1. Quick check, is A:Val40 within 12 Å of ligand 1 (Cβ to nearest atom), in contact with a strand residue (DSSP E or B) (Cβ under 8 Å, 6 or more places away or on another chain) and assigned to a loop (DSSP other than H, G, I, E, B)?
2. Applying the selection to the stretch A:101-118, what residues are more than 7 Å from chain B (Cβ to nearest Cβ), within 23 Å of B:Gln291 (Cβ to Cβ) and not hydroxyl-bearing (Ser, Thr, Tyr)?
3. Any chance you could count how many residues in the stretch B:69-101 are surrounded by 18 or more Cβ atoms within 10 Å (Cβ to Cβ) and under 12 Å from B:Leu272 (Cβ atoms)?
4. Can you tell me which of A:Val139, A:Val160, A:Val114 is in contact with a Phe, Trp or Tyr (Cβ under 6 Å, 6 or more places away or on another chain) and not assigned by TED's automatic domain parsing to the domain that holds A:Val83?
5. What number of residues in the stretch A:43-85 are within 10 Å of ligand 1 (Cβ to nearest atom) and basic (Lys, Arg)?
6. Hey, A:Asp84 hits all of (1) in contact (Cβ under 8 Å) with a residue 60 or more places away in the chain; (2) at positive phi; (3) within 11 Å of chain B (Cβ to nearest Cβ) but one; which does it fall short on?
7. Show me the strands (runs of 3 or more DSSP E) entirely contained within the stretch A:43-150 in which 3 or more residues are more than 16 Å from ligand 2 (Cβ to nearest atom).
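The values are calculated or read from the model by the stated rules, or taken from the named source; none is laboratory data. Being a predicted model, the structure only gives us computed values, none of them experimental. Cβ placement follows ideal geometry from the backbone for every residue including glycine, while neighbour counts extend to all protein chains displayed.
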Amino acid sequence: MLDVLKFKSPTKDTGKGKGRIDVNDVVIRFGKGADTHLAVDKTEVTIEAGEFVCILGPSGCGKSTLLNAIAGYVKPSEGAVTVDGDTVQKPGPDRGMVFQQYSLLPWKTVYENVAFGPKMAGHSRTESGSIANTFLELVGLKKFGDRYPAELSGGMQQRVGIARALANYPSVLLMDEPFGALDAQTRLMMQESLLEIWRKFGTTVVFVTHDVDEAVFLADRVLIMSAAPGRIIEDVRIDLPRPRSTDMASTPEYVKARQFCLDIIKAESRKAFENQNT
Amino acid sequence: MSTAVKPAAPAPKAAKAAPEAPRPPMTPPPRPTLASHLRALDWGHLGIVAASLGIGVLLWHIVTAINLNFFINFENVPSPAKVFMAFIGHIQTSIFWTHIGVSMRRILISFSIATALGIGIGLMMGRSKIARAFIMPYIEVVRPIPAVAWIPLAILMWPTEESSIIYITFLGALFPIVLNTLHGVQQTPEVLVRAAQSLGASRTAVFTQVVIPAALPSIAAGLAIGMGVSWFSLLAGEIISGQYGIGYFTWDAYSLINYQDIVVGMLVIGFLGTGSTAAVRLMTRPMLAWQKRTR
Ligand SMILES: Nc1ncnc2c1ncn2[C@@H]1O[C@H](COP(=O)(O)OP(=O)(O)O)[C@@H](O)[C@H]1O
Ligand SMILES: [Mg+2]
């Protein structure tokens, strides 16, 4: 068994109470002048510290854009995002990011990738190394430390990506369709694995997906976005007990929650389809 | 929707579960040694290369032996045997080795300067839009000017013959290095930059830890191309020289209408150029080890 306390930062208290996200009337437009394109329409939402929230919506609706605004890659055209009261200005290690594409530095070993964040934070080589080992152990990949990323399977690379983001003890973990490129079986294992890590680590998770099953299985809350331009049209609380396992997929509560989300998504997709044809 | 029911997997120890196997090899490949390089040599490939060169020399022998004169005239072209004898004669003289040594020294100096400046300028252009807009026009205009065209100006501008030759050689190597470095920097995947930023990397750290490593393969390719180009610029430059250099040797043989020596000079240049390009590839290889292991 892994020691939960091991994953708490000795210096920073990232425990309960940190990682609250406020998205305040955020509007995001791309382009200038006549080419302006509205990607995210007026969005107002609060994510509590320690919550696991999924953002669900059809592709192209602005999920990544909204997440990138929380991460600090994209500046809102209007409104602002705050994390624990501080306005997001630029990317930072307090908001860990996991991408859909493979984003490990290919010229660094798995171990060096995970140690990168602690090193940037000013930890010594040995400290960074021991943090890296701790988190590689957390995702079950300690013995692959001296491999290069491309020598690992897609699922393993994503686990390294999660370990790397967590190694900075972020208060928020942002995930943009992190399992989208994996095969179905691997994806299920990764979802359970992620919940297990989250249970130990207790950080706020914002997880973007277009997969209804994934959202319902993982989340405390599912935020459903409209078709482009994206806007949160529904905030669904998922009251399934935790810890969750994949067997729950047949329980009436799960089926009901899933059907509820699915109906909204279907209506949205139809709207988007009709908009395209007019 | 058929995805309604998830397969009831036995709740695994999730965090430790490693459902998918890593890609082989299970153990990291050993560091390459000379012996492993020799073993790894593709003998079949080498056989084809040898056969190709053999056929080339044979055809060369035949067309000169029969004095072929059909549109292309081989009557005055020296045979391989004659050239080979001339070559054997030359390698026993110290002056021939001086020619080679002097040329190699010029290449080494020019190429080193071109490497340092070229990578520096390329990185600067990759990093700053202003630098790019400022420098690019010069590159566009100066790059197409052939090395020979520089001879008069180089002689006027530089204090010594040696420095004008080195200047001309340097110019040849510079542009491929600059452009490849710039290209490499611009090719850096955005997602890697973002990942590093989210891990707390400063602008400088992003540059040294992400952008430069990402550009290395392209820089290495630029160095190899630059080395090749510097050899044919050197030839132009050595026309200036009144004394030494393999280019001078060839030019001198041309003035004296010594056909064997012209071909000896040409072939020596060809082999030296190939050899030094291969040396550049070999020297840049350790920087790209991660690429090799990932293939
Ligand atoms: N950097 C950008 N510049 C211009 N348009 C963008 C940019 N990023 C995203 N978009 C546009 O914003 C819309 C939403 O994109 P995105 O957030 O990636 O959707 P999703 O992640 O939901 O699939 C799309 O129409 C996309 O083309
Ligand atoms: Mg997206």
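1. no
2. A:Leu104, A:Lys108, A:Val110, A:Glu112, A:Asn113, A:Val114, A:Ala115
3. Of the residues in that region, 2 qualify.
4. Within the list A:Val139, A:Val160, A:Val114, the selection yields A:Val114.
5. 1
6. (3)
7. Per the criteria, A:78-83.
Quick grid of which residues meet (1) of a type in the set (Ser, Thr, Tyr); (2) within 30 Å of A:Pro106 (Cβ to Cβ); (3) surrounded by fewer than 24 Cβ atoms within 10 Å (Cβ to Cβ); (4) touching a strand residue (DSSP E or B) at 6+ places or on another chain (Cβ under 7 Å):
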{"position": "A:Thr186", "(1), (2), (3), (4)": "yes, yes, yes, no"}
{"position": "A:Phe207", "(1), (2), (3), (4)": "no, yes, no, yes"}
{"position": "A:Pro229", "(1), (2), (3), (4)": "no, no, yes, yes"}
{"position": "A:Asp235", "(1), (2), (3), (4)": "no, no, yes, yes"}
